[in-house]
Amino acid sequence: MTPTPASQQLFDRARAVSPGGVNSPVRAFRAVGGTPIFMASGRGAWLTDVDGRRYVDLVGSWGPMLLGHAHPEVIAAVGEAAARGTSFGTPSEPEVLLAEEIVDRTSAESVRMVSSGTEATMSAIRLARGFTGRNKIVKFAGCYHGHVDALLAQAGSGVVTLGLPETPGVPAHVTADTIVLPYNDRAAVEAAFAEHGDQIACLITEAAAGNMGVVPPEPGFNQFLSQICAQNGALFISDEVMTGFRVTRAGHWGLDGQREGWTPDLVTYGKVMGGGFPAAAFGGRRDVMEQLAPVGPVYQAGTLSGNPIATTAGLTTLRLADAAAYERLDAVSAQLQSLVRDALDPTGLPYVLQNAGNMFSVFWGVDAPVTDFAGAQAQEAWRYKPFFHAMLDAGVYLPPSAFECWFVSAAHDEEALSRIAEALPGAARAAAQATTES
Ligand SMILES: *Cc1c(COP(=O)(O)O)cnc(C)c1O
């Protein structure tokens with residue numbers, strides 16, 4: 001591991017004043033070991049750390065940075081918005097423009113802005129319960145919907161990275177109404193609705209699972225979920241916090257729902273729609289959304305909801321995310337996936353590379369497609385540790401966990417891709433030669 005003394009010094013200081021030295025657990029590098037890298041700046045596909053080392057970024061702030069870092073037009077728009085004032089606590093124009101852009105691109109007829117994906121899913125579930133007058137919710141093992149109490153049951157992302165069985169602080173009665181099922185398992189969904197159909201308020205699923213590694217829905221699975229919810233008077237909530245505005249201009253719904261002719265009752269967005277600022281949203285059917293205060297009785301609010309800086313950053317990002325940008329994202333992702341295969345194939349190590357649109361990840365030491373959380377957990381995740389560090393030493397910043405998606409941006413150019421191409425073969429050999437002790 002290349003020493004990074006300035007990061008080490010900041011990390012030591014951070015640990016003295018913050019739990020684990022981080023403000024979100026996966027950042028701490030627990031799954032891969034070593035010192036988390038403190039970034040000082042970013043530009044396009046590249047990050048520069050506090051020791052002055054440069055990396056090609058394949059995390060993209062965990063999804064938001066669709067156009068790369070510090071896009072000049074986004075930065076200019078944010079600067080102009082900030083100069084006009086940073087928060088008014090009144091309605092303002094940028095939040096209307098962003099809502100119009102979202103309604104134009106997606107199935108949502110009406111949206112409410114919040115400040116994080118967690119808040120979006122939490123509010124969508126409250127709304128579904130208020131609308132239906134029912135309490136039970138259905139989720140899938142390995143799907144992560146933020147750190148909402150009722151949704152932390154068998155969640156993905158940091159919960160699986162850190163191997164946390166369940167979370168203290170969430171009382172049993174809070175998850176007692178949460179039914180957790182295996183992803184892609186139609187029979188399990190049918191059985192749950194057969195037993196509890198008249199008590200289920202909603203089913204929430206990631207539009208394509210990306211928080212246990214990338215596990216796409218089997219063809220027709222989301223359509224099936226939408227139908228079984230409708231048959232039982234439950235709401236179908238598609239969590240597009242990760243996929244929204246990333247895999248197509250309409251999110252994952254642009255890959256399945258739009259073609260198959262169904263729409264979610266409620267949908268959640270975050271990440272890309274904030275352009276690197278805290279902005280997220282939930283939306284959907286107008287009759288459901290109008291159960292929210294001040295029109296209806298379901299309460300939901302936020303001091304900084306629809307913040308003018310955050311919504312300006314998101315709006316500018318979405319306006320720049322045109323057809324050419326999505327073509328570029330898909331092309332970069334395809335190129336990168338073939339570079340990964342070219343590096344891993346000669347090692348003889350079994351692996352599965354899975355994608356949902358331009359999101360993808362590698363499952364290590366497995367030789368059959370991964371369709372659910374049990375399959376994802378069966379991978380040899382320990383092989384990722386030496387792989388990750390070999391890439392990091394060679395100047396490529398990957399997610400510090402085998403259970404996370406790799407994110408590309410429209411700013412990944414030939415220089416970025418050739419840095420990755422140079423780094424991959426050595427890292428692939430390190431993964432193939434890894435032992436559980438290494
Ligand atoms: C990231 C994510 C969330 C949580 O969003 P935060 O902004 O981190 O609270 C929810 N759902 C999915 C699918 C996500 O990927």
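The values are calculated or read from the model by the stated rules, or taken from the named source; none is laboratory data. Because the structure is a prediction, the values reported are computed rather than measured. Counting neighbours? That spans all protein chains shown, and the Cβs are built from the backbone with ideal geometry, glycine included.
For the stretch 72-84, state whether one or more residues are touching a Leu at 6+ places or on another chain (Cβ under 8 Å), in contact (Cβ under 8 Å) with a residue 40 or more places away in the chain and within 16 Å of the ligand (Cβ to nearest atom). No. Here the stretch 1-22 is the region considered, the condition is being exposed (fewer than 12 other Cβ atoms within 10 Å of the Cβ) and modelled with pLDDT of 95 or more, and the residue that is farthest from the ligand (Cβ to nearest atom) is Pro5.
Of the numbered conditions (1) crowded, with 24+ Cβ neighbours inside 10 Å; (2) of a type in the set (Lys, Arg); (3) without any contact (Cβ under 8 Å) to a residue 60 or more places away in the chain, Arg186 satisfies every one except a single condition; which is it? The one condition Arg186 does not meet is (1). Contact annotation: residue pairs with Cβ atoms under 7 Å, 6 or more positions apart or on different chains, pairing a residue in the stretch 253-271 that is under 18 Å from Ile228 (Cβ atoms) with a partner that is assigned to a helix (DSSP H, G or I) and β-branched (Val, Ile, Thr), are Asp265/Val288; Leu266/Val288. For the residues Gly426, Gly348, Gly375, Gly395, the requirement of being in contact with a strand residue (DSSP E or B) (Cβ under 6 Å, 6 or more places away or on another chain), surrounded by fewer than 24 Cβ atoms within 10 Å (Cβ to Cβ) and either closer than 23 Å to Val26 by Cα or touching a residue at least 24 places away in the same chain (Cβ under 8 Å) (or both) singles out Gly395. Just checking, does the stretch 56-70 include any residue being at pLDDT 95 or above, more than 16 Å from the ligand (Cβ to nearest atom) and more than 19 Å from the chain's Cα centre (by Cα)? Yes.
For the stretch 23-62, filtered to residues that are farther than 24 Å from Lys271 by Cβ and without any contact (Cβ under 8 Å) to a residue 60 or more places away in the chain, the residue that is surrounded by the fewest Cβ atoms within 10 Å (Cβ to Cβ) is Gly52. The set of residues in the stretch 109-131 being of a type outside the set (A, V, I, L, M, F, W, C), away from the ligand (no atom under 16 Å from the Cβ) and assigned to a helix (DSSP H, G or I) consists of Arg129, Gly130. Residues of the stretch 231-277 that are more than 10 Å from the ligand (Cβ to nearest atom) and among the aromatic types (Phe, Trp, Tyr): Phe236, Phe245, Trp253, Trp262, Phe277.
Entry remark, the stretch 230-260: residues being small (Gly, Ala, Ser) and surrounded by fewer than 24 Cβ atoms within 10 Å (Cβ to Cβ) number 5 in total. Entry remark, the stretch 195-252: residues being in a helix (DSSP H, G or I) and either in the same structural domain as Glu404 (by the TED database) or aliphatic (A, V, I, L, M) (or both) number 3 in total. For the structure I just gave you, tell me whether Thr312 is in the same structural domain as Thr248 (by the TED database), more than 19 Å from the chain's Cα centre (by Cα) and closer than 22 Å to Val247 by Cβ. When the stated conditions are applied, Thr312 does not pass them. Here Pro264 passes the criteria (1) over 18 Å from the mean Cα position of the chain (by Cα); (2) surrounded by fewer than 22 Cβ atoms within 10 Å (Cβ to Cβ); (3) in a loop (DSSP other than H, G, I, E, B) except the one numbered (2).
Taking the criterion of being among the polar types (S, T, N, Q) and in contact with a Phe, Trp or Tyr (Cβ under 9 Å, 6 or more places away or on another chain), the only residue of the stretch 178-193 that qualifies is Asn184.
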